[in-house]
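The values are calculated or read from the model by the stated rules, or taken from the named source; none is laboratory data. Everything numeric in this text was worked out from a predicted model, so none of it was measured. A quick note on method: Cβ atoms are made from the backbone with ideal geometry, for glycine too, and the neighbour counts reach across all protein chains shown.
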Amino acid sequence: MVLAGCCVNTYAQQSQFDEANNLLEESNYREAIQIYQSIADEGYHSGALWLNMGYAYTRIDSLGMAKYYLLKAEKYPETKILATEALEFVNNRFSRRSAVLPPLPWDRFFRALSDTPGVRGLVFISLFFLYAGAAFVIASWFRYDLRKFFRNSGYITLGIAAVVFLFAVIVNYQDNRFGTGVMIDRQGPVFQYPREESAVITTAYEGYMMQVDFRESRDYPEWKYIRLENGMYGWIREEQLRVF
């Protein structure tokens, strides 16, 4: 499962990556994790890096951390298949599973747009239709015999451009407001309010996934406002999560 492919763009980071891979193969998991983390801290990220970190955490029985890094590796095309297989293995090792409500259709739709083509891709698509629509409108000024066709085509194409741009705005808003959290502690209480003396709504266990609301959480630096997969909302201590 260890990936030795190029992880970074510079020789120094590639050398570190190879050193960490060797440690991983020699079962020196904690030392390998330290080197992988130093590479990540320097801003060099890749599917191979996250996948190997996930594998290393699996070997030291830190399944919440393993799941967090494997979910990140799943975002990269070159490691998606391996990460998905590893995630299935990790999920089967959790002693507790969260009830999962199916996402609403529009949530699935905008999540799919966020993954592919993403905000940048949507903007480019919107610009393509914008230019195409403008071209149709301009063409209607010169082709009197086809004026109605070009004009209608232009308006329809400009309308598509506006809709796609609106989707880009919505996806960008959601990407900036919400993140995905993974519980890394064995268990922890979810509170009604961001203080420990408030009522406990439920308990989150290692490996639980949740939606993190950055806007609601910004005034409470040690807390995160979350929505669990079973639909419950509450507050949890920040150090119990890893968020991406």
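For the condition over 21 Å from the mean Cα position of the chain (by Cα) and farther than 23 Å from GLN174 by Cα, LEU82 does not qualify. Of all the criteria given as (1) surrounded by fewer than 23 Cβ atoms within 10 Å (Cβ to Cβ); (2) over 27 Å from THR203 (Cα atoms), the one not satisfied by ALA73 is (1).
In the set (1) of a type in the set (Val, Ile, Thr); (2) at pLDDT below 90; (3) closer than 24 Å to ASN230 by Cβ, the condition left unmet by VAL90 is number (2). Within segment 39-83, the residues that satisfy the criterion of being closer than 21 Å to GLN240 by Cα and among the polar types (S, T, N, Q) are THR58, SER62.
The single residue among SER98, SER38 that is part of a loop (DSSP other than H, G, I, E, B) and surrounded by 13 or more Cβ atoms within 10 Å (Cβ to Cβ) turns out to be SER98. Looking only at residues of segment 41-59 that are farther than 16 Å from GLU85 by Cα and surrounded by 13 or more Cβ atoms within 10 Å (Cβ to Cβ), we find that the one that is farthest from the chain's Cα centre (by Cα) is GLU42.
Taking the conditions exactly as written (surrounded by 14 or more Cβ atoms within 10 Å (Cβ to Cβ), among the hydrophobic types (A, V, I, L, M, F, W, C) and touching a strand residue (DSSP E or B) at 6+ places or on another chain (Cβ under 8 Å)), does ILE160 satisfy them or not? The answer is no for ILE160.
Restricting TYR131, TYR76, TYR155, TYR69 to residues that are out of contact with any Cys (no Cβ under 9 Å at 6 or more places or on another chain), part of a helix (DSSP H, G or I) and under 28 Å from ARG215 (Cα atoms) narrows the list to TYR69.
Within segment 224-238, if we keep just the residues that are in contact with an Asp or Glu (Cβ under 6 Å, 6 or more places away or on another chain) and not acidic (Asp, Glu), the residue that is surrounded by the fewest Cβ atoms within 10 Å (Cβ to Cβ) turns out to be TYR225.
Matching residues to (1) within 36 Å of the chain's Cα centre (by Cα); (2) modelled with pLDDT of 90 or more:
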site	(1), (2)
SER114	yes, yes
PHE129	yes, yes
TRP141	no, yes
ASP145	no, no
ARG151	no, yes
ILE156	yes, yes
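Are any residues in segment 101-112 outside any helix (DSSP H, G or I) and within 17 Å of the chain's Cα centre (by Cα), and if so, which ones?
PRO103 - this is the single residue of segment 101-112 that is outside any helix (DSSP H, G or I) and within 17 Å of the chain's Cα centre (by Cα).
Here GLU85 clears all of (1) acidic (Asp, Glu); (2) at pLDDT 95 or above; (3) closer than 29 Å to VAL190 by Cα except the condition numbered (3). On the given criteria, is PRO194 crowded, with 17+ Cβ neighbours inside 10 Å and part of a loop (DSSP other than H, G, I, E, B)? Answer is yes for this residue.
Before we move on, is GLY64 in contact with a strand residue (DSSP E or B) (Cβ under 6 Å, 6 or more places away or on another chain), in a helix (DSSP H, G or I), modelled with pLDDT of 90 or more and surrounded by 13 or more Cβ atoms within 10 Å (Cβ to Cβ)?
Here the answer is yes, as GLY64 does meet what is asked.
Within segment 197-216, restricting attention to residues that are charged (D, E, K, R) and in contact with a Lys or Arg (Cβ under 8 Å, 6 or more places away or on another chain), the residue that is surrounded by the most Cβ atoms within 10 Å (Cβ to Cβ) is GLU206. Every listed requirement among (1) part of a helix (DSSP H, G or I); (2) within 19 Å of the chain's Cα centre (by Cα); (3) surrounded by 14 or more Cβ atoms within 10 Å (Cβ to Cβ) is met by ASN176 save one, (3).
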